[in-house]
Amino acid sequence: MSICPSCGAQNADRASFCVKCGTTLVAAPPPGSWQQPSGDLSSTPGGGAGWPTPSGGLNDPAGGFGTRGPAQAGPLSPQGYGYGQPPSPTGPGGMRLAEWGDRALAALIDGGLVFAGIIVLYIVIGIIGIGGSAALGSISEDLGGLAASGSCCIFFILPPVAALLVNLYNKVYLISQRGFSIGQGVMGLKVVMGDGGPVQLGTSVLRFAVQLGLGIIPFVGWILVLLNLLWPLWDPQKQTLHDKAVGTFVVKRS
């Protein structure tokens, strides 16, 4: 006997529609229509018998979703998800290359030292020139004028020469002896060769000569100096033009 869920009327077994209201009836399955599954459900890896396991799953080291194996590591990440960060550029011997900002600050420090030395030298020359002119002028007017002219020439010639000497000591001698200038030492940088070894004195001289020579080329010197300064921003090895000319690299000291 089948009871209509809508009106409650009694209907014959396996009736498709209610005899009173016409509601569709869901016939019960005949006896024996449901069969007990055969076989061991755990015998098939990843699920019950007769259910295939799809391949290519993320959690199955054998390629299926049915087991809970460890996640497979991606090609870029040791954490196993394949979203690793690209490695930072490294220089000779695996040392970390210096960033452009650190190099620029080191250059400013070195330039500031030279500028401060020139200012002090100007002051000393001015004091000596004024005092010498006054002393000689008291003896002879011609001697006083000659001393003033000589002081004027020294005033314009000596500071650039002194700046060159300071740079030779700071950027040539110190780099060949300990690997870094004063400014580079403050910023924790070091100049090395392509094999990670120290820079020899001859290479250091040539490196500085290229850097100096770029600035004295007529008409385009200032462009080359600016280009040389900015070159590490897009260079894969973060080298300047004078670094490339002699094969040197600027790295972070450990």
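The values are calculated or read from the model by the stated rules, or taken from the named source; none is laboratory data. Here the structure is a predicted model, which is why all the values come from computation and not from measurement. Using ideal geometry, Cβ is built from the backbone for each residue, glycine included, and neighbour counts are taken over all protein chains shown.
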Please verify whether the range 168-184 includes one or more residues that are modelled with pLDDT under 90 and over 26 Å from I119 (Cα atoms). no
Taking the range 184-211 and keeping residues surrounded by 15 or more Cβ atoms within 10 Å (Cβ to Cβ), part of a helix (DSSP H, G or I) and of a type outside the set (K, R) leaves Q184, G185, T203, S204, V205, L206, F208, V210, Q211
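Checking the structure you have, find out if any residue of the range 225-235 is surrounded by fewer than 15 Cβ atoms within 10 Å (Cβ to Cβ), closer than 30 Å to V120 by Cα and either of a type in the set (F, W, Y) or in contact with a helix residue (DSSP H, G or I) (Cβ under 8 Å, 6 or more places away or on another chain) (or both). Spell out how you get there, then give the answer.
Narrowing the range 225-235 to residues surrounded by fewer than 15 Cβ atoms within 10 Å (Cβ to Cβ): 226-227, 230, 233-234.
Okay, now just the ones that are also closer than 30 Å to V120 by Cα, so 226.
Among the residues that remain, those that are also either of a type in the set (F, W, Y) or in contact with a helix residue (DSSP H, G or I) (Cβ under 8 Å, 6 or more places away or on another chain) (or both) are: none.
No, that holds for no residue.
Can you name every residue in the range 212-230 that is among the aliphatic types (A, V, I, L, M) and either touching an Asp or Glu at 6+ places or on another chain (Cβ under 9 Å) or outside any loop (DSSP other than H, G, I, E, B) (or both)?
In the first step, residues of the range 212-230 are kept if they are among the aliphatic types (A, V, I, L, M); the result is 212, 214, 216-217, 220, 223-227, 229-230.
Listed by number, the residues that qualify are L212, L214, I223, L224, V225, L226, L227, L229, L230.
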Among (1) of a type outside the set (A, V, I, L, M, F, W, C); (2) under 15 Å from T90 (Cα atoms); (3) at pLDDT 95 or above, which single condition is Q237 missing? (3)
